[in-house]
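A short write-up of the structure that comes next.
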Amino acid sequence: MKIWLSKNSEIPVRDQLVTQITLGIISGDLSVGEKLFSTRELARRFKIHANTISSAYQKLVGRGLIEFKKGSGFYVCEPKQNKPNGETELDALIADFLKTAQSNGFSKDEIEKRLQKWFAVQTPEQFLVIESDKNLREILIEEIKQATNLQVGGTSFEDFQTKYQNIKAHFAAMIDEKPKIESILPADKTCFFIRARSVSDAMTGETRPSQDDLIAVVSGWEKFLAWSKTFLVAAQIENDAIISRLTAEKDWKKGLQNASLIICDALTAKEFPNDKRVRLFRLIADSSLEELKKMIGAR
């Protein structure tokens, strides 16, 4: 895997390295058991302090993505399982639904029977995306919808664990969620594990903007902003030429009229219909989207 680092970026070198290695693991560019560059080698190549590299590696160790083998170095490891976080936003939505239904005169038994009937008639030709990060989940749902033209829903890992294991749907989740999902997946069910686009894939075929171009990175998912800026830094784009907008913030469109390019995710792109400045960065690897389409015979 190729590493790009810029010492002139507002993004700390440590964070650039953590982001690129994380994406490398999720996308499959770095496989389980693969040895990473030594801290000394990276420090010498990029002329940065070895402690910066060591700090990045320790952060990845803390996330359970890599491990240290004494006398040998750092290696990619199987992602470790995470503990569920308790109540989720979906619980609150369900509670509101029940309250509204009961206020309209429906009993709990009527609501339960109707819900059971509703789930029973759902066709298997739909996807359920399992992802606890709500903003990431919505982007994945949109990308799969566009690729398959099927109904796509989503749930957190916590709610999947307690409520949705037996519905008739194709399950899908990011590859780094594989250990914890497989640990609770019913024996008669399978889950398709999605690979993310690598840094190299995201940059392939893209024309490098000119030095005078103002580039806007826009998304509802904060990590998308950080990842996209990492790509741009790798392409040697100056920080002064990049502006970031989080769609959850007030007046997030302010100043975008001055941008030469707008880089955004599949969901945010819908906010800019027919805007030729938009450059869509998909999170799901093309190979994974093709596998999804083959799996359900999408055309």
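The values are calculated or read from the model by the stated rules, or taken from the named source; none is laboratory data. Here the structure is a predicted model, which is why all the values come from computation and not from measurement. Cβ sites come from the backbone with ideal geometry, for glycine too, and all protein chains shown count toward neighbours.
Some points to look at:
- Looking only at residues of segment 278-292 that are surrounded by fewer than 16 Cβ atoms within 10 Å (Cβ to Cβ) and over 19 Å from W227 (Cα atoms), we find that the one that is nearest to the chain's Cα centre (by Cα) is S287.
- For segment 193-246, the set of residues classified as at pLDDT 90 or above, among the hydroxyl-bearing types (S, T, Y) and out of contact with any Ser or Thr (no Cβ under 6 Å at 6 or more places or on another chain) consists of S244 only.
- Residues being more than 27 Å from I284 (Cβ to Cβ) and in a helix (DSSP H, G or I) - total across segment 23-56: 14
- When segment 220-271 is filtered for residues that are in a loop (DSSP other than H, G, I, E, B) and under 19 Å from the mean Cα position of the chain (by Cα), the ones remaining, listed by number, are G220, W221, T247, A248, D265, A266, L267.
- Extreme residue, nearest to the chain's Cα centre (by Cα), among residues of segment 161-175 that are modelled with pLDDT of 90 or more and crowded, with 19+ Cβ neighbours inside 10 Å: M174
- Residue satisfying all of: in segment 271-298; in contact with a helix residue (DSSP H, G or I) (Cβ under 8 Å, 6 or more places away or on another chain) and free of Cβ contacts under 8 Å to residues at least 60 places away in the same chain; farthest from S27 (Cα to Cα) among these: V278
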